[in-house]
Amino acid sequence: MTLIKSISGIRGTIGGFSGDNLTPQDVVECTAAFGHWVKAQTANPKIVIGRDARISGEIISQLVSNTLRSVGIDVIDLGLSTTPTVEIAVPLEGAGAGIIITASHNPKQWNALKFVNFNGEFISKKDGQEILDLISENAVEYSSVDKLGCYTQKDDYIQIHIDKILALPLVNVEAIREKNYKVVVDPVNSTGALSIPPLLEQLGCEVIVINGEPNGQFAHNPEPLPENLTELSSAIESNKADFGISVDPDVDRLALVCEDGEMFGEEYTLVAVADYILKNVKGTTVSNLSSTRALKDVTEKAGCEYHPAAVGEVNVVSKMKEVRAVIGGEGNGGVIYPDLHFGRDALVGTALILSRLAEFGKPLSFLRRTYPSYHIAKNKIQLQPEIDLDLLFSELQRKYVQQDLNTIDGLKITLDTGDWIHLRRSNTEPIIRIYTESDSEVISQNLARKIQQDINEILKSTNV
């Protein structure tokens, strides 16, 4: 059982004891601190909330809503929604902030509160630290009975979100509708079932949904990785569909499966979207250090410039604003299209991918073959409390001093061949993530094994 309080919010497993798991006490404590912080930022405090379909979501939503009202904040509740939909709603409602109740790709026993600012963007490290300080100082003041916040429900924001996507100049609605695509969607029993099919239907697609009951009883591990998408792959083939779409429970990550049941590759969602954008608008691109170098290849082929960022949406968004990127995101299927909003968004990613595919005129598997083929191995090791991570990374830097090293987020080692290794502490789990990439799957796995051996040797020799 786990509880993680970080600068981006609070995440944990349901049940157990306060301070060790995500209990009602922890939800109230963290929500009250955030609400207190928001009140200090605005004279008319209002917060938009929304949730994915997790079993615990309704309970936590009620706790969040009533806590915010208790500190004098008006609540606009979108109910079952998506992370990008809440992000869009915050500025449209003139709200001071938003809270998204979702644990993203984590299994059903997890839930979390994600905090966004008045722009509908994840709060900064500085803001997050201020909220953590409020929690530790127990410095929250609750409102008197005459100053309690109001509560309003709004259930039309998913359609507002879709309308804004369909109005984007680079979403080629007419071309997509002419194709009459047949699409299988796996929303893994969450709010993707309420958002992706309506978007596709309004784009003229025939939609087949599997695992479509938004009840939080995830039919499989909810992370949209190849090993979790076998049912989707089979459904595409049995229905003779043009392709398949999978999203995570809060609909900010997008994975595609080709017409032959083969994976398009989660890493290549952003690559394909960027390819389409750059064919229409020249500009810079951004992805995090753990994302495939295929984005850099596609960007430079278009005569444009690529920039890396630290892992985490807030870091990618910050870099995108700095370099005025026209497209960016993360290699986990997270597409950030600034012409809509600065947040990962599987809905806009879907519309842009379909635009590219419709203009391409060939099956999705053919489109995939037009991009460089790299293989990323994603591994992890448990982070024991006694491990001194800074010292461990320092020792690894000494070992690989002759290679290109990047330390803006953990340690990234780029070899002379262009292959790379990225090690970093997870923001959501007590683990060290180890990502490796090569144009050979075997080499990529070997790099992962080699760096894990290096880590074990350092731990044994230095007791870090």
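Each reported figure results from applying straightforward, stated rules to the coordinates on display, with no laboratory input. Please read these numbers as outputs of a predicted model, since none were measured by experiment. Here the Cβ positions follow ideal geometry from the backbone for every residue, glycine too, while neighbour counts run over all protein chains shown.
Kindly put ARG177, ARG11 in sequence by how many other C-beta atoms sit within 10 Å of each C-beta, fewest to most.
Listed from fewest to most nearby Cβ atoms, that is ARG177, ARG11.
In µm²/s, what is D for the stretch 3-155 at 4 °C and 1.567 mPa s, where D = kT/(6 pi eta Rh) by Stokes-Einstein and Rh is the Kirkwood radius from Cα pairs?
Estimated diffusion coefficient is 87 µm²/s.
Looking at the stretch 59-115, what % of the alpha carbon pairs are farther apart than 17 Å?
Of all Cα-Cα distances in the stretch 59-115, 38 percent exceed 17 Å.
Once the cut-off is 21 Å, how many percent of the Cα-Cα pairs in the stretch 298-412 end up in the long-distance tail?
Of all Cα-Cα pairs in the stretch 298-412, 56 percent lie more than 21 Å apart.
If only Cα atoms are counted, what is the Rg of the stretch 254-305, and what is its Dmax, in Å?
Cα only, the stretch 254-305: 11.7, 34 Å (Rg, Dmax).
Taking θ = phi - 60°, what integer Hz values does the Karplus form 6.51 cos²θ - 1.76 cosθ + 1.60 yield along the stretch 186-196, in sequence order, with x for Gly and Pro?
Karplus-based 3J(HN,Hα) across the stretch 186-196 equals 10, x, 6, 6, 9, 6, x, 5, 9, 10, 5 Hz.
Over all alpha-carbon pairs of the stretch 160-368, lay out the pair-distance distribution in 5 Å bins, whole %, shortest bin first.
Calculated P(r), rounded to whole percents: 1, 8, 17, 21, 22, 16, 10, 4, 1, 0.
Normalised radius of gyration for the chain, please: alpha carbon Rg relative to 2.2 N^0.38 Å, two decimal places.
0.97
Over the stretch 377-464, what number does the Rg to Rh ratio reach, with both radii from the alpha-carbon atoms and Rh per Kirkwood?
0.94
Okay, helix-only estimate at 222 nm for the chain: each DSSP H run of n ≥ 4 adds -39500 (n - 2.57), divide by all residues, round to 500 deg cm²/dmol; what do you get?
Taking each H run of at least 4 residues, the total per residue is -12000 deg cm²/dmol.
Ordered by residue, what ³J(HN,Hα) values in Hz, to whole numbers, does the stretch 9-26 give under the Karplus form 6.51 cos²θ - 1.76 cosθ + 1.60, where θ = phi - 60° and Gly and Pro are x?
Karplus values, whole Hz, x for Gly and Pro: x, 10, 9, x, 8, 7, x, x, 10, 4, x, 10, 9, 7, 9, x, 4, 5.
Using only the C-alpha atoms of the stretch 84-226, find the volume of their convex hull and express it per residue in Å³.
Expressed per residue, the convex hull around the Cα atoms of the stretch 84-226 is 171 Å³.
Specify the inter-centroid distance of the stretch 120-143 and the stretch 286-346, based on alpha-carbon positions, in whole Å.
28 Å
What order do you get for 73-86, 318-331 when each peptide is scored by the mean count of other beta carbon atoms within 10 Å, highest first?
Descending packing order for the listed peptides: 73-86, 318-331.
Looking at the chain, identify the longest residue range that excludes and avoids all chymotrypsin sites (Phe, Trp or Tyr not before Pro) in DSSP loops having at most 15 other Cβ atoms within 10 Å.
143-464
Mind grabbing the base-10 log of I(q)/I(0) for the stretch 360-425 at q = 0.18 Å⁻¹? Debye formula, identical points on the C-alpha positions, no solvent, two decimal places.
Relative scattering, expressed as log10 I(q)/I(0), comes to -0.77.
Per the Cauchy relation, a quarter of the hull surface: what is the mean projected area of the convex hull of the alpha carbons in the stretch 198-255, in nm²?
4.2 nm²
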